[in-house]
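Worksheet: one structure, shown below.
The values are calculated or read from the model by the stated rules, or taken from the named source; none is laboratory data. Every value quoted in this text rests on a predicted model; they were computed, and no experiment measured them. So basically every Cβ, Gly included, is an ideal-geometry build from the backbone, and we count neighbours across all protein chains shown. Ligands, DNA and RNA are excluded from the accessible area calculation, which covers all protein heavy atoms including side chains. Shrake-Rupley method; radii C 1.70, N 1.55, O 1.52, S 1.80 Å.
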Amino acid sequence: MLFYYYFSLNVPHLLVLLPVAILSYSMERGHIRPHQHQFPLPIASASQQQQQQLQLSNDWIFLDVPSDITIDISGVRFALHKFPLVSRSGRIRKSIADNKDADTSKLLLLNVPGGADSFELAVKFCYGVNFEITTANVAQLCCVSDYLEMTEEYANDNLSFRSETYLNDVVCKSLEMCIEVLHNCENLLPLADELKIVGRCVEAIASKACAEQIASSFSRLDYSSSGRLHMNKQAKCSGDWWIEDLSILCIDLYRRVIEAIRCRGVRPESIGASLINYTEKLFKRKPNFFNATSISKVGLVPGSTNCEEKKVVEAISSLLPVERLTVPISFLFGLLRSALCLDCSTSCKLNLERIIGSQLEMATLDDLLIPSFQHPGDTMFDVDNVHRILVIFSQQDDTEEEGSDYDSDGPCPPSQTALVKVAKLVDSYLAEIAPDANLKLAKFIAIADTLPGYARTTDDGLYRAIDIYLKAHQGLSDLERKRLCKLIDFQKLSEEANAHAAQNERLPLQAIVQVLYIEQLKLRNSLCSSYSEDNQKVPYQSRRISNGALSAPMSPRDNYASLRRENRELKLEIARMRVRLNDLEKGHASMKQNLQKSTSSSKRLMNSLSRKIGKMNFFSHSPFRESRSPSKNSQRTDSKLTGRI
């Protein structure tokens, strides 16, 4: 016969464990059979929930022993027995002891981590029902054991000890298991963080990811023909397989993982790839708020003000690597559009603009066309953000350009190459936004004047954009049109652009006169150069005259063709002169070095000459010199006599 014991603090602990021992013995003998009922979660309907609670009140863990306590967990009632619970749970023991004068047959537990599911696992452990600890329930067991105080103080080998042992010895040894446990901790915060479950999993993921990357780097090492080690760039990097697994985490836990991985020294390219993959997967899970058409372009549906999406964009922008070219610039522009649409913090938008400005030469025209979300009456595209990005690009140091991937055999230095690319991009952008009737002249001039003058090799694109703006804004005054045309260097226009500008009625009269004057100067210079070349080609001219080529006057078309040919020859001659100038500069430098080397020898020569001259002066002032030259006096007297005669 099984005796029941109702717990009291005045009774020794041995008497508390006695019913548990009797219960275990009865279970082994088969006298008491554990009920296999799985406690369901409460359902939405109120009537069904009442029926479910009534059903649970009549269900017993043991069919042969009636329950003596009912525990309510978030509306789900568990009909249990006191003695298995108080033997392992300090919280239930204290609750029954504190309410010994009142009715202890009912107990309400609030804010149980994991809800009824985790409490059911704890009850099974108290009743000795075997179940497996896995990555799916280990976080719940750690939290619920801490909540119920199922520690070694109340029973040996208790639930807290077993779950912690599994977490440290099994989970933390595997990267995949750590990610799964970390994902299960999302509904257990902040208790899971206080118990350091999150911290241990994050550190384990960071260390494992770093080790995987180091191992993959060693596998890519190869020996060259000279016996030196080098990295095989063609071999696929297999150490970044964890990137796909991290996409299941929430943004808070993902941010902690990326920060820990960055501190461990994982490559910025891997971090950038992880950010792109995480953003794409998250945006696909949010089709109502996000519009992710591809991995390189991420955008938001205008009008969304959801705080969760705003938090995601701000977190992703703060995790971006500071190194250049680690993240595609189209992805960065997509994040910037999202930040503008959701009205993210100023620091978030400025950080994105700074990263974009450092690699603006990789952008396209579609990237710069950012819609204006906040001001409906403003311009169609957001011009202010593009202007700030251009300012950042133009103000960056030359030292940042030295580390970029440019062709060293190119004719221009890296900074000049980037400036030329961005100048063409800006001219195309100005041509796209010029038809906007709300675009102010000051903003148009500010964007066009951001880059230095030497960035544009030709001003044809700028002239086209200004012509479109003048056509769309015909109400500009003469002064405003003059300000706009001052941006154009008419000497950099091509022949077609000059011909169009000379007949463009939208340009101010001063600009047209300037175009005609420049054309006249070019024509006069070409004629002068052709006249000088004709004087040097006498045999060629005599041959043409003998053949009768100059007997008839040339037509204007032939004259224009000859002028173009002479212009090409003049350009070739200028190129040859540049080459000769470079050779002369090199020769001058070598002569200067030779002159510096011969300075010491020349000094010695001058010293020897000065000594010889000093000796000659000594002999010229000696008294013996007069006696040795009597012939000079005799010659003088003879000359005097001849003069008298």
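Summary table below
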item	result
When residues of region 83-95 are limited to those that are open to solvent by less than 10 Å² (accessible area, probe 1.4 Å) and touching a strand residue (DSSP E or B) at 6+ places or on another chain (Cβ under 9 Å), the one nearest to residue 155 (Cα to Cα)	85
Test for residue 352: is it aliphatic (A, V, I, L, M) and either farther than 22 Å from residue 247 by Cα or in a helix (DSSP H, G or I) (or both)	yes
From 449, 478, 436, 489, residue being surrounded by fewer than 20 Cβ atoms within 10 Å (Cβ to Cβ), under 30 Å from residue 568 (Cβ atoms) and of a type in the set (Asp, Glu)	489
Residue within region 103-115 that is small (Gly, Ala, Ser), surrounded by fewer than 22 Cβ atoms within 10 Å (Cβ to Cβ), modelled with pLDDT of 90 or more and touching a strand residue (DSSP E or B) at 6+ places or on another chain (Cβ under 9 Å) present	yes
Boolean, residue 326 is surrounded by fewer than 19 Cβ atoms within 10 Å (Cβ to Cβ), at pLDDT below 75, hydroxyl-bearing (Ser, Thr, Tyr) and not in a helix (DSSP H, G or I)	no
Per-region count, region 259-295, residues modelled with pLDDT under 85 and surrounded by 14 or more Cβ atoms within 10 Å (Cβ to Cβ)	8
Residue match in region 145-163 (condition: within 19 Å of residue 116 (Cα to Cα), among the hydrophobic types (A, V, I, L, M, F, W, C) and not in a loop (DSSP other than H, G, I, E, B))	yes
Index of the failed condition, residue 363 passing every other in (1) within 15 Å of the chain's Cα centre (by Cα); (2) within 24 Å of residue 253 (Cα to Cα); (3) crowded, with 19+ Cβ neighbours inside 10 Å	(2)
Qualifying positions in region 329-347 - of a type in the set (D, E, K, R) and either within 15 Å of the chain's Cα centre (by Cα) or in a helix (DSSP H, G or I) (or both)	337
